[in-house]
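Q: Below: one structure in structure tokens.
The values are calculated or read from the model by the stated rules, or taken from the named source; none is laboratory data. Computed from a predicted model, the values in this text were never measured in an experiment. So basically every Cβ, Gly included, is an ideal-geometry build from the backbone, and we count neighbours across all protein chains shown. Areas reflect the complete protein model, heavy atoms only, side chains present, ligands, DNA and RNA absent. Shrake-Rupley method; radii C 1.70, N 1.55, O 1.52, S 1.80 Å.
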2 protein chains.
Amino acid sequence: MRPTAVLFALSAFALPAAAAATDIQKEYGEVSRKIIAAALEDQEGLARLQYLCDRIGHRLSGSPSLERAIQWSAEEMKKAGLVNVQTPPVKVPHWVRGRESVTLLAPIERSLPMLGLGMSVGTPGEGITAEVVAVSSFDELQALGKDKILGKIVLFDPEWKGYGQTVLYRANGASRAAELGAVGTLVRSMTGNSLATPHTGALNYTVDVPKIPAAAITVEDAAMIHRLTKSGVPVKVRLMMEAKHLPDADSHNVMGEIRGREEPEEVVVLGGHIDSWDLGQGANDDGSGIIATFQAVALLQKLGLKPRRTIRVVFWVNEENGGTGGRAYRALVGDAVKNHVAAIEMDGGAEKPLGFGYGTGGEQRRRGGAAGVPAKQTSPASFQRAVEIGKLLESIGAGKMMPGGGGADIAPLLAAGVPGFGVRTVGEHYFDWHHTNADTFDKIVPREFRENVASLAVLAYVLADMPERIGDIE
Amino acid sequence: MRPTAVLFALSAFALPAAAAATDIQKEYGEVSRKIIAAALEDQEGLARLQYLCDRIGHRLSGSPSLERAIQWSAEEMKKAGLVNVQTPPVKVPHWVRGRESVTLLAPIERSLPMLGLGMSVGTPGEGITAEVVAVSSFDELQALGKDKILGKIVLFDPEWKGYGQTVLYRANGASRAAELGAVGTLVRSMTGNSLATPHTGALNYTVDVPKIPAAAITVEDAAMIHRLTKSGVPVKVRLMMEAKHLPDADSHNVMGEIRGREEPEEVVVLGGHIDSWDLGQGANDDGSGIIATFQAVALLQKLGLKPRRTIRVVFWVNEENGGTGGRAYRALVGDAVKNHVAAIEMDGGAEKPLGFGYGTGGEQRRRGGAAGVPAKQTSPASFQRAVEIGKLLESIGAGKMMPGGGGADIAPLLAAGVPGFGVRTVGEHYFDWHHTNADTFDKIVPREFRENVASLAVLAYVLADMPERIGDIE
């Protein structure tokens, strides 16, 4: 006799709703083991990711390689037997880097490795030459005031407190410095581990503040400039960036499905973002996210599993410098957002997965971004159900459920009340590679990638198949 | 009465040779503790290294910054109270990098981070465009033969087996490929840990083999090209390098001394190399070596310690691409090499020191170089004496004596029979930074740098002060 059956017998009249609860281990233990076994032997997912990385490469919004990736992705979804494969149009910002450089001119002359920040304006052709004022914080900048900042290039060299705590200097530094009359900004790369590796990433200009050019330099060079200015040695640099904005470009999300056998209008959506910065291969950010979520669905299809509801994989476009793909998907589904049973995003690399963040509501905080509020906790019973599903992944250590959840691309869905899951990994090296030339296929550990595929496939399948909608469990 | 005197009295007739043996712990325990304490509190050495790194920067042979470093070093030696401060002239090769690039042209187009190898010839202005043949070993290259190599660019992408085992592909790859008709070579950077970080370093052209240009690409990109060629996808690149050799330049070694109180003609020499590659700051290769050896001597001077023999610090020039400084010093001392009691080299970075390699004779093997034979082991009694001296460093864990010893700059001395010591550290990260833009002052851990100063000062002092010459102990 199953303990839940006992419970049912005892409480049938008192608690009729709880009585119907699905016994997740009983119902889905066997199929989960089958899915996990298939994922851990899968070759196809890695082959797809390798093709994306080596044959298509990086994929900035507006670039021909992004469009090649989109076409290839749709073809692969069809080859995998998914249905309703579509590439709905999305207008995306079209920022191009052009040539760029930072040259230290005083106290000695040296070319500094650098990357302009995404969405930055450029400089005049001859560059901007100015003395550098280095600060550790916005407070320090503010304390210096207009007198000390006017006409200068500000270097933000904050202590590294992890990405989420530090990235505001990359995101907002340019406008904060421009408010005080700075003519350009530099920022230490957003990483705790550098081998002279510059990291790019988007900035956000504040409305009505002059737009000044901004670039990342290496942790090493930021430290050097900071040491010099602290000891009273004037530092002068020339910042040259050809960066510019072209008119918005035509691009696309990519979508494909396994149709639900009973409730085809109800949807579990999962995916990542297909665009990347114009560097390296976008292997972990977010090639692994789109290919792992896709391969999870491709494996369910290959195993002949037909869930109760539809499972849809989406490759959102333009996560890096606009977020138009996530918003376009939300607009596309319109009122049908109420039929979204859950949304699952993977956008933190394919290191060893630990589990998922689970939350909903509010406006999701874009990781490292300035706007929005954190996801809300779900009801205790709903969270407990997620915990039960997580137990199906204990054999690969990937089923821990944590508060929070989601990511930038599913934020518009979560804001509409859709329950959201975000993959959580050990996160040991992701920010070493993030937004650099080092984000390459060699960083993908096959076993860890496959564990991600396994955990995504199990979670998506159970959410789509169990009688209850996870968000409705009270 | 001192115990050594007791020993002497008891055994004067029975064991005259052994009887005279100095009790190292007794004689040098106190002074060693004093030296170590001073070194661990020293601020000056780090300030000097910071100045060298931040205010002078990298120091390639033939560059104005090297000459600035040489003049500054001589001034610092004088300030520290050293005597006989000299900058004897040395002619050095004058190789300049110029602009350079590697562009992947097929299967996709992408600019690849790269560094031309030191001493490489350049390409024609338009570069060299060719298909790439990737190999893991010289055996694989040889097996492909002229048919497959003629007109191609060869990529050497050997498995990383540590620097000493792998660097032969950087050193000798160009000529090995040229013998089979290759028009250029690429090599994976010599590191086991990359964040898209190219590493330069010298190559050696074989006499009578056509000189072809050679560059290092990142571990990541070498792996990518290798994956592509292994799967049958043709890879084409354009290699452009303006590298050229100018006429040999005038440069200098830098030397200074504490004169010995009893045997001033007998010398313990210690030092590192003042030149670096034209990247980063040459902080660990070998800024830390010259400044730590210098500061060790400066501290002895500051403590008013007058050893029996002379202690001389030398900053050898041109270790990286010629070795002319080490040879010039050997020529300069001439027959007085017989008065060199020991030579100590530090050229492996300032990570936590473990002890020293101790050996002599033969032609020292340049680390990672192809030529020469390893140092010979010294007599058991002499080695045992070194072990006794090492025990003085137990409090900082830096006194382990290991076979081997020396380095490129003192190799000519060891070849003439001078006992040689080479600093040995934990070596955890040195080759991550070696010959890259990441070899910067921030990588210096103050405590570890000071432990190096301490261990060098104690070793040099005891070798210069104890009655016996370490190499004569049988």
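Q: Please verify whether region A:60-82 includes one or more residues that are among the charged types (D, E, K, R), open to solvent by 60 Å² or more (accessible area, probe 1.4 Å), under 30 Å from B:S65 (Cα atoms) and within 14 Å of another protein chain (Cβ to nearest Cβ).
A: No, region A:60-82 contains no residue that is among the charged types (D, E, K, R), open to solvent by 60 Å² or more (accessible area, probe 1.4 Å), under 30 Å from B:S65 (Cα atoms) and within 14 Å of another protein chain (Cβ to nearest Cβ).
Q: Under 6 Å between Cβ atoms, at least 6 apart or on separate chains: pull out the pairs that start in region B:59-70 with a residue that is without any contact (Cβ under 8 Å) to a residue 12 or more places away in the chain and more than 9 Å from B:V317 (Cα to Cα) and end on any residue that is charged (D, E, K, R) and surrounded by 22 or more Cβ atoms within 10 Å (Cβ to Cβ).
A: Filtered contacts from region B:59-70: B:S65/B:R59.
Q: Here are some conditions: (1) at positive phi; (2) out of contact with any helix residue (DSSP H, G or I) (no Cβ under 8 Å at 6 or more places or on another chain). A:A196 meets all but one. Which one does it not meet?
A: Failing condition for A:A196: (2).
Q: Which ones in region A:291-311 are among the small types (G, A, S), part of a helix (DSSP H, G or I) and open to solvent by 10 Å² or more (accessible area, probe 1.4 Å)?
A: none
Q: Can you confirm whether A:V418 is closer than 15 Å to A:I344 by Cα, within 19 Å of the chain's Cα centre (by Cα) and away from chain B (no Cβ under 14 Å)?
A: In short, yes.
Q: Could you count how many residues in region B:312-363 are assigned to a helix (DSSP H, G or I) and buried (at least 24 other Cβ atoms within 10 Å of the Cβ)?
A: Final tally of qualifying residues: 3.
Q: From the residues in region A:421-436 that are within 14 Å of chain B (Cβ to nearest Cβ) and closer than 24 Å to A:G325 by Cβ, which one is most open to solvent (accessible area, probe 1.4 Å)?
A: A:F431
Q: Now a separate question. Residue by residue through region A:92-121, note down the ones that are on the phi > 0 side of the Ramachandran plot and buried (at least 18 other Cβ atoms within 10 Å of the Cβ).
A: A:M119
Q: Can you go through B:P89, B:P124 and tell me which one is open to solvent by 40 Å² or more (accessible area, probe 1.4 Å) and free of Cβ contacts under 8 Å to residues at least 60 places away in the same chain?
A: Answer to the check: B:P124.
Q: Look through A:L168, A:L150 and report the one residue that is among the aliphatic types (A, V, I, L, M), open to solvent by 40 Å² or more (accessible area, probe 1.4 Å) and touching a residue at least 40 places away in the same chain (Cβ under 8 Å).
A: Selected residue: A:L168, the only one of A:L168, A:L150 that is among the aliphatic types (A, V, I, L, M), open to solvent by 40 Å² or more (accessible area, probe 1.4 Å) and touching a residue at least 40 places away in the same chain (Cβ under 8 Å).
Q: Quick one: which of A:A47, A:A5, A:A14, A:A37 is at pLDDT below 95 and either open to solvent by 50 Å² or more (accessible area, probe 1.4 Å) or part of a loop (DSSP other than H, G, I, E, B) (or both)?
A: So the residue among A:A47, A:A5, A:A14, A:A37 that is at pLDDT below 95 and either open to solvent by 50 Å² or more (accessible area, probe 1.4 Å) or part of a loop (DSSP other than H, G, I, E, B) (or both) is A:A14.
Q: Now for a different question. On the basis of being under 12 Å from B:E345 (Cα atoms) and not aromatic (F, W, Y), does B:G272 make the cut?
A: Yes, satisfied.
Q: Any residue at all in region A:300-312 that's without any contact (Cβ under 8 Å) to a residue 24 or more places away in the chain and more than 17 Å from the chain's Cα centre (by Cα)?
A: Yes; the residues of region A:300-312 include at least one that is without any contact (Cβ under 8 Å) to a residue 24 or more places away in the chain and more than 17 Å from the chain's Cα centre (by Cα).
Q: State whether one or more residues within region A:101-117 are within 32 Å of the chain's Cα centre (by Cα), within 30 Å of A:V237 (Cβ to Cβ) and more than 14 Å from chain B (Cβ to nearest Cβ).
A: Yes, region A:101-117 has at least one match.
Q: To continue, here is another question. Regarding A:K244, is this residue closer than 30 Å to A:R110 by Cβ, within 14 Å of chain B (Cβ to nearest Cβ), open to solvent by 40 Å² or more (accessible area, probe 1.4 Å) and among the basic types (K, R)?
A: no
Q: Additional query: Is it the case, given these coordinates, that A:A398 is open to solvent by less than 10 Å² (accessible area, probe 1.4 Å), of a type in the set (G, A, S), farther than 30 Å from A:W95 by Cα and modelled with pLDDT of 95 or more?
A: When the stated conditions are applied, A:A398 passes them.
Q: Give all pairs with beta carbons closer than 6 Å in which a residue from region B:214-236 that is at the interface with another protein chain (Cβ under 8 Å from one of its Cβ atoms) meets a residue that is of a type in the set (V, I, T); count only pairs at least 6 apart in sequence or on separate chains.
A: That search, which allows pairs on different chains as well, returns B:E220/A:T440; B:L228/B:V235.
Q: Oh, and also: Applying the selection to region A:150-164, what residues are of a type outside the set (F, W, Y) and modelled with pLDDT of 95 or more?
A: The answer is A:L150, A:G151, A:K152, A:I153, A:V154, A:L155, A:D157, A:P158, A:E159, A:K161, A:G162.
Q: Still on this structure, please answer the following. Are any residues in region A:180-213 within 14 Å of chain B (Cβ to nearest Cβ), over 21 Å from A:D139 (Cβ atoms) and either in contact (Cβ under 8 Å) with a residue 24 or more places away in the chain or open to solvent by 30 Å² or more (accessible area, probe 1.4 Å) (or both), and if so, which ones?
A: Those that are within 14 Å of chain B (Cβ to nearest Cβ), over 21 Å from A:D139 (Cβ atoms) and either in contact (Cβ under 8 Å) with a residue 24 or more places away in the chain or open to solvent by 30 Å² or more (accessible area, probe 1.4 Å) (or both): A:S189, A:T191, A:G192, A:N193, A:S194, A:A196, A:T197, A:P198, A:H199, A:T200.
Q: Based on this model, can you work out whether B:G282 counts as within 22 Å of B:E448 (Cβ to Cβ), in contact with a Cys (Cβ under 8 Å, 6 or more places away or on another chain) and in contact (Cβ under 8 Å) with a residue 60 or more places away in the chain?
A: Yes; evaluated as a whole, the condition is true for this residue.
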